[in-house]
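Participant: Here you go, one structure.
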Amino acid sequence: MSFEETRIKTLWDIPKEEHFVGGHSLCAGCTASTIVRHLLKVAGRNTIVVNATGCVEVSTTSFPYTAWRVPWLHVAFENAGAVASGVESAIKAMKAKGMIPFEKEINVIALAGDGGSFDIGFQALSGLMERGHKVMFVIYDNEAYMNTGIQRSGATPFGAWTTTTPVTRRIRGEWRTKKDMFDIAIAHGLDYVATANPAYPVDMDVKFQKGLNTDGPSLVHVIMPCTTGWRFEPRYGITIAKLATETAVWINMEYDRGNFSVTVPVRKRKHVREYLKLQGRYSHLSDLEIELIQQQIDRKVEEINRRAGKEVIGPLEA
Amino acid sequence: MTAVIERRKEMKALSTNKAVAEAVKDSDVDVVAAYPITPQTTVVERIAELIGEGQLEAEIIHVESEHSALSAVIGASAVGARVFTATASQGLALMHEVLHITSGLRLPVVMSVAMRSLSAPISIFNDHSDVMNQRDSGWIMIFASTAQEAYDSIIQAYRIAENPEVLLPVMVTYDGYLMSHTIEPVEVLGKYVSEEYIPKKQTWNVLDPDKPITMGTITSPDYYYEFKYSQAVALEGSLPHIIKADEDFRKLYGRGYGVVDSYRLEDAEIAVLATSSYYINLKYAVDEVRKRGIKAGAIKLRVYRPFPREQLYSMIKGLSALGVIDRSVSFGMTPSGPIALDIMSSYRYRDAPPVQSFIAGLGQRRMLIEDFVKIFEILEKRAATNSISEKSIFYGVKGVEL
Ligand SMILES: Cc1ncc(C[n+]2csc(CCOP(=O)(O)OP(=O)(O)O)c2C)c(N)n1
Ligand code: SF4
């Protein structure tokens, strides 16, 4: 397909056209807009976006305004996977009947927050993946329900404060660990699954390209720092995103037709403290708790290195 | 003209479920998504066979729930496809959220419902609790009384839903088991109805990359109300289009149903109103009680939303009493039958006959012609003694005196 010819290798290869434009009401410093802007640059104008309820949806389509220059549809919180399945099936049927020109390529993208994919939207996402629709599902993961005011989700990491895992006498933030969507998606038999980070736009954009070029469902799970819910100053969004990878809290990896790889190797890891200390949602953590989180990461890194067959994520900086 | 019509006709022995599947094929639907639930299941099974046999060229989406079934056909309809889904009971209840979104988005989705009771306790059998729970969801609701009517109504439903003056989803409902699983002779029209009566035309706003639009936005208090008002106006205003679709159908194919129907009402003093398959036995009961000297008539309500106020009023206005049979309960309300309530509130400023509400057949409690005769007798007695009650009569409940 057409994307192969324009493989993104540097920032200069990222298409100039904007299909996600200003005039929306996302918080200042919200990194969701960075992700969506890049997503649409890569996908181009022949794209239909199905958006689950959440921050992106409510902040970008306040009637009579819209920030979308591609056809866009929102139905509800939990059904982006199902709606996108319908969109894709309709295009197929209508092409077969000559109602849409056969050669017309239309990307179908489902876009959802962690709630609209990990939790309430999980069933519809699972159905979409299992049935094999040619849809790219993009999760922007701000690790809580931000639209309703920072409640925990299945993506909230251990130790994070949210309004439903408040720091109180008996609760000290989220006490469970994040659900693993990467392997859940692979277990559905997908050809292409990736995790991405807006602090590494070229890596992220290549993953969007590959996802769109997959002949079937694909899933790209993107970490998304949220100034309001993570409690940091708006200017630190990308800094924090970068630290997530540098500390290996977030690993940029890819599963491409059976091949696993880490696309952003880290030679020497920073201590997780560097990542946590910039965010108000972790400000209650004791040194002991931070060490506990560090140990969780160490274990994960070991596992990833074993899976990659070499040391792609290095040891902690001295 | 007649010669052409003759050529098109073909008689088949079909259950209402199979008749609906046949209508979906003849409507040349593009995308079908449905989830199995008794007694609807054989509709989609048959559609899958028709697609498999190459008789219908469509995509079938094997969704993982009814919520996703309706969501998927919304997505398909938003791109411009002609779509269909089917369900019943818990499945319809699970769709509740999405039913409102379908009508709010003004998408011409057509759905069949093989009506069934709601849990708890579980009953797979017939009553109308499922659809009555959805009466305020902004859909056009048509009750079919025969397999033939169900077939014809599905085809009419596309004509109505896709009418640019309407653009509302349509639900065609019929009695689970009593109709879904009983076989009747059905005259099918063949696929060219989709060229002749319901030609494919995208009359609604669709998602097209060449003309991008944003669909399903958020609104502020400055706009939401106007959307809902225009929806109310559209549903109210759809009635003449429903009537016209039926009349045009009759002209072309020789069958029409109106929005209400009646039997031996001309000189009737009392009448009983019923929906769906009950109307058929009610007509037999009319003949029976007339032999005993009771001037009785039967009324059928076919279109329930929009409510055919004037058409029904012209039928009932001269009666001395009207009985209304509901097959669901509006809990905590007196009377407890939703249709009876609708009729009473519709004509509260007019000279209308007293209404006696009957609840019957919940969970498919057996109703024979004798039972309809008894209902006429109760109504006759109450009318004669001026003792029509505000309370519903729960006909056929064990241990409750009438
Ligand atoms: C059925 C249903 N339940 C609850 C809600 C309320 N609700 C809207 S958005 C949202 C949270 C969204 O969280 P997420 O998917 O993580 O996206 P974010 O807001 O963080 O962008 C919730 C709970 C809803 N719209 N629908
Ligand atoms: S709450 Fe968070 S995710 Fe939502 S708009 Fe603000 S910064 Fe973005």
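Participant: Evaluate the charge dipole of segment A:1-75 about its Cα centre and quote only its size in Debye, nearest 20, assuming +1 on the Cβ of each Lys and Arg and -1 on the Cβ of each Asp and Glu.
Facilitator: Numbers: 7 positive and 6 negative charges, 18 e Å.
Dipole about the Cα centre, nearest 20: 80 debye.
Participant: Starting from the Cα gyration tensor of chain A, take the square roots of the eigenvalues, sort them a ≥ b ≥ c, and report rounded, prolate or oblate (rounded when a/c is under 1.5, otherwise prolate if a/b is larger than b/c, else oblate).
Facilitator: Details: a/c = 1.74, a/b = 1.43, b/c = 1.21.
Verdict is prolate for chain A.
Participant: Run the dipole for segment B:283-402 about the Cα centre, Lys and Arg Cβ at +1, Asp and Glu Cβ at -1, nothing else charged, and hand back the magnitude in debye, nearest 20.
Facilitator: The calculated dipole for segment B:283-402 is roughly 220 debye.
Participant: Using the structure shown, select from A:Lys41/B:Lys228; A:Lys179/A:Lys270; B:Lys200/B:Lys300; A:Lys97/B:Lys228 the pairs with a Cα to Cα distance greater than 29 angstrom.
Facilitator: Values: A:Lys41/B:Lys228 36 Å; A:Lys179/A:Lys270 23 Å; B:Lys200/B:Lys300 32 Å; A:Lys97/B:Lys228 35 Å.
The answer is A:Lys41/B:Lys228; B:Lys200/B:Lys300; A:Lys97/B:Lys228.
Participant: Once Rh is set to the Kirkwood radius over Cα pairs, what Stokes-Einstein translational diffusion coefficient, in µm²/s, holds for segment B:292-402 at a temperature of 10 °C and a viscosity of 1.306 mPa s?
Facilitator: On the way: Rh = 14.6 Å.
D = 109 µm²/s.
Participant: Which Cα, out of A:Thr263, A:Ala144, B:Ala360, lies furthest along the positive dipole direction of the protein assembly as shown (beta carbon charges, K/R +1, D/E -1)?
Facilitator: Farthest towards the positive end: A:Ala144.
Participant: Rank by packing, highest mean first: peptides B:239-246, B:75-82, with packing defined as the count of other Cβ atoms within 10 Å averaged across residues.
Facilitator: Details: B:239-246: 19.1, B:75-82: 29.6.
Order by mean packing, descending: B:75-82, B:239-246.
Participant: In segment B:207-338, what percentage of the DSSP-assigned beta bridges are antiparallel, given to the nearest 5?
Facilitator: Restricted to segment B:207-338, the bridges split so that about 35 percent are antiparallel.
Participant: Quick check: the distance between the Cα centres of segment B:87-122 and segment A:125-198, to the nearest angstrom?
Facilitator: Cα centroid of segment B:87-122 versus Cα centroid of segment A:125-198: 30 Å apart.
Participant: Could I ask something else about it? Would you mind working out the magnitude of the charge dipole of the protein assembly as shown relative to its Cα centre, with +1 at each Lys and Arg C-beta and -1 at each Asp and Glu C-beta, to the nearest 20 Debye? Mind dumping the intermediate values first?
Facilitator: On the way: 80 positive and 85 negative charges, 164 e Å.
Using Cβ point charges on Lys, Arg, Asp and Glu, the protein assembly as shown gives about 780 debye.
Participant: Take each uninterrupted DSSP H stretch in chain A, measure its Cα extent along the helix axis, and return the ones at 20 Å or beyond whose mean Kyte-Doolittle hydropathy is at least 0.0.
Facilitator: Answer set is A:80-96.
Participant: Does chain B classify as rounded, prolate or oblate by the C-alpha gyration tensor (a ≥ b ≥ c root eigenvalues; a/c under 1.5 gives rounded; else a/b over b/c gives prolate, otherwise oblate)?
Facilitator: In terms of gyration-tensor shape, prolate.
Participant: Now for a separate question. Return a whole-number percent for the relative contact order of chain B, with Cα pairs under 8 Å and 6 or more residues apart as the contact set. Mind showing how you got there, number by number?
Facilitator: Numbers: 840 pairs, mean separation 63.5, N = 402.
Here the relative contact order equals 16 percent.
Participant: Please name whichever of A:Leu190, A:Ile106, A:Ala84 sits farthest to the positive end of the charge dipole of segment A:68-203, dipole taken about the Cα centre and charges placed at Cβ: Lys and Arg +1, Asp and Glu -1.
Facilitator: A:Ala84
Participant: Divide by every residue of chain A the summed helix terms, -39500 (n - 2.57) for each DSSP H run of at least 4, and state the resulting mean residue ellipticity at 222 nm, rounded to the nearest 500 deg cm²/dmol.
Facilitator: It comes out at -10000 deg cm²/dmol, rounded to the nearest 500.
Participant: Ok, one more. Say R0 is 35 Å: what FRET efficiency, to the nearest 0.05, do B:Ile122 and B:Leu402 get from their beta-carbon distance?
Facilitator: Details: r = 28 Å, r/R0 = 0.80.
Once rounded, the FRET efficiency stands at 0.80.
Participant: Compute the semi-axes of the equivalent ellipsoid of segment A:16-91, taking the square root of 5 times each eigenvalue of the Cα gyration tensor, and list them largest first in whole Å.
Facilitator: Semi-axes, largest first: 20, 16, 11 Å.
Participant: May I pose another question? Going through the cross-link list A:Lys134/A:Lys210; A:Lys92/B:Lys211; B:Lys12/B:Lys283, which pairs have a Cα-Cα distance over 22 Å in this structure?
Facilitator: Where the Cα-Cα span goes over 22 Å, the pairs concerned are B:Lys12/B:Lys283.
Participant: List the relative contact order of segment A:150-258 as a percent without decimals, with contacts defined as Cα pairs under 8 Å and 6+ residues apart.
Facilitator: 24
Participant: Using DSSP, restrict attention to beta bridges with both residues in chain B and report what percent are antiparallel, rounded to the nearest 5.
Facilitator: Of all bridge pairs located within chain B, approximately 25 percent are antiparallel.
Participant: Also, quick follow-up: What share of the DSSP beta bridges in the protein assembly as shown is antiparallel, in percent to the nearest 5?
Facilitator: 25
Participant: On to the next question. Can you pull the mean other chain C-beta count within 10 Å for peptide A:122-128?
Facilitator: That average works out to 4.
Participant: Output the relative contact order of segment B:60-219, whole-number percent, from Cα pairs under 8 angstrom with separation of 6+ residues.
Facilitator: 24
Participant: Between the alpha-carbon centers of segment B:167-221 and segment A:203-219, tell me the distance in whole angstrom.
Facilitator: Cα centroid to Cα centroid, the span is 34 Å.
Participant: Leaving ligands and nucleic acids out of the surface, order B:Leu252, B:Leu107 by accessible area at 1.4 Å, largest first. Let's see the in-between values first.
Facilitator: Working: B:Leu252 35, B:Leu107 0 Å².
The ordering from most to least exposed comes out as B:Leu252, B:Leu107.
Participant: Mind listing the Cα extents of segment B:220-271 along all three principal axes, in Å, largest one first?
Facilitator: Largest to smallest, the principal-axis extents are 53, 35, 9 Å.
Participant: Inside 10 Å of the C-beta atoms of A:60-67, what's the mean count of C-beta atoms belonging to other chains?
Facilitator: Across A:60-67, the average partner-chain Cβ count within 10 Å equals 5.
Participant: Now, a different point. How big is segment A:206-311 by Rg and Dmax over its Cα atoms, in Å?
Facilitator: 15.6, 47
Participant: Let me ask you something else. In whole Å, what three semi-axes, largest first, describe the equivalent ellipsoid of the protein assembly as shown built from its Cα gyration tensor (square root of 5 times each eigenvalue)?
Facilitator: Equivalent-ellipsoid dimensions as semi-axes: 56, 28, 21 Å.
Participant: How big is the equivalent ellipsoid of segment B:285-342 along its three axes, where each semi-axis is √(5λ) from the Cα gyration tensor, reported in whole Å from largest to smallest?
Facilitator: Taking √(5λ) for each Cα gyration eigenvalue gives 23, 16, 10 Å.
The values are calculated or read from the model by the stated rules, or taken from the named source; none is laboratory data. Note that the coordinates shown come from a computational prediction; the quantities given were computed from them, not determined experimentally. Counting neighbours? That spans all protein chains shown, and the Cβs are built from the backbone with ideal geometry, glycine included. Surface accessibility is based on the protein's heavy atoms, side chains included, excluding ligands, DNA and RNA. Shrake-Rupley method; radii C 1.70, N 1.55, O 1.52, S 1.80 Å.
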